[in-house]
Number of protein chains: 2
Amino acid sequence: MSDGPSKPAMREALVAAAFELFLERGFEQTTIDDIVALAGVGRRSFFRYFPAKEDVVFPDHERSLAEMTEFLESGAGDEDPVKHACDAARLVLRMYAEQPSFSVQRYRLTRKVPGLRAYELSVVWRYEHTLAHYLRGRFADRPDGALRADVIAAAVVAAHNHALRTWLRSGGESDWVAEVDSAMAFVVGTWGGHPAEGAGEGESDEVVVLVASRRAPLWRMVQGIESALGESRQA
Amino acid sequence: MSDGPSKPAMREALVAAAFELFLERGFEQTTIDDIVALAGVGRRSFFRYFPAKEDVVFPDHERSLAEMTEFLESGAGDEDPVKHACDAARLVLRMYAEQPSFSVQRYRLTRKVPGLRAYELSVVWRYEHTLAHYLRGRFADRPDGALRADVIAAAVVAAHNHALRTWLRSGGESDWVAEVDSAMAFVVGTWGGHPAEGAGEGESDEVVVLVASRRAPLWRMVQGIESALGESRQA
């Protein structure tokens, strides 16, 4: 396929042309021929860059998914898995934030066009699946590992999307780092701080959580703590 | 549109015919004309029951979404919102469980057909949106209410889907009630037990959660409990 010099500009021209047409005529009513005509390139060039029309709207997700996978695999195995998953999700938000006007324009387009909305959901699902796969590996020793992994992956994605939507609705003007920080803090605050079992050989950094009714007398709570610590230290 | 007696059997015949053809020829390759021909009914009958070809595969989601919305709204406002959202998700799983062979067959079909997979994701998104809307209302007084609602809604849906997939992969043979119980217990265990603020006028049933490092001495934990209870009782 090396029938000419690599032209990243051609790829950008195709994206710009497609966006203009989608906004003008709608997604369904725009053909690939319309796009290549406006971009002034041949039809084969289109398919060199994009497998389908939808991919023009989400040109960076393949790269972003690969980046996320690579990041997740880069963990040494003793990192807090929940925090690591949150940091992986940050990479995706950064990708959006690097191109504010493109991202905001796409957000408005995607909300209008059902076909694109469906495509976006399938992309979101791939991110969630990638995170869940990583977390399942890290939680493999727990009896509820697969369930825990699936739920936390969904929570990370939902927190990411919450931060992303807040930023997009501000027209890309709000502080995306602050948005993602508070969203991820919620997830890490819920489940974080559980490094791999047996990571710190001797003294474990395990966390004890006591849940008690406010009506319980204090001595019951102290008893609960003593008993939890005792079991945990024997284990 | 009362040009004849209501015929639930016709609806079922259309679903059965569509499934047979989707499995045989694939989803894209099957037309609505093919379906009505096999079912032995007229084309107009099809559109009386289904807005589009996809809806034949997911015939009960509109009803199920309406049921979920009604259930969510039935709360008196003092129920634990997380538990109530989990109970709403149970209704959906029950819908699948009521027709085991249909559900299992559809699961296999959906995994093979990208167009159906995309449609299913859009349905899942509507459930999540419905749950998030309810939770946002219940968490309206909290500074992080919207974020919390979005994350918990996603967690409920992920837990539901985990239970559903486990059951579907067993060929509809495993105990779906046990699957959904353990999935929802995980979510309620994470966030449940927070009834509406000020719900129980006098003595609140509020729960105190203490999170502490195992390395902390016991007196620090007792101090933490005392201080938490003190603040809470003054509030």
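Bear in mind that the values in this text are calculations on the coordinates, not laboratory data. Predicted model only: the values in this text are computed from it and were never measured. So basically every Cβ, Gly included, is an ideal-geometry build from the backbone, and we count neighbours across all protein chains shown.
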Next item on the list: Add +1 for every Lys or Arg and -1 for every Asp or Glu among the other residues with Cβ under 12 Å from the Cβ of B:Q105, and state the total.
Entry: +3
Notebook entry, point to check: Projected onto the charge dipole of the stretch B:1-158 (+1 at Lys/Arg Cβ, -1 at Asp/Glu Cβ, origin at the Cα centre), which of B:L21, B:Y96, B:S74 gives the Cα projection farthest towards the positive end?
Noted result: B:L21
Check: Placing a label point 7 Å from Cα toward Cβ, how far apart in nm is A:D78 from its equivalents in the other copies, listed shortest first to one decimal?
Finding: 5.2
Checklist line | Nearest-first distances (nm) between copies at A:D175, label 7 Å from Cα via Cβ | finding: 5.2
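Nothing charged except the Cβ atoms of Lys and Arg (+1) and of Asp and Glu (-1): what's the magnitude of the dipole of the stretch A:1-152 about its Cα centre? Round to the nearest 20 debye. Don't skip to the answer; put the middle values down first.
Numbers: 21 positive and 24 negative charges, 83 e Å.
That gives the stretch A:1-152 a dipole magnitude of about 400 debye.
What's the extension gain from B:R43 to B:E79 if we count 0.36 nm per residue and subtract their Cα-Cα distance? Intermediate values should be presented prior to the final figure.
Working: separation 36, 0.36 × 36 = 12.96 nm, distance 4.70 nm.
The B:R43-B:E79 span can extend by a further 8.3 nm.
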Check: Put the label 7 Å from Cα along Cα→Cβ for B:A52; what are its distances to the other copies, in nanometres, shortest first?
Finding: 1.3
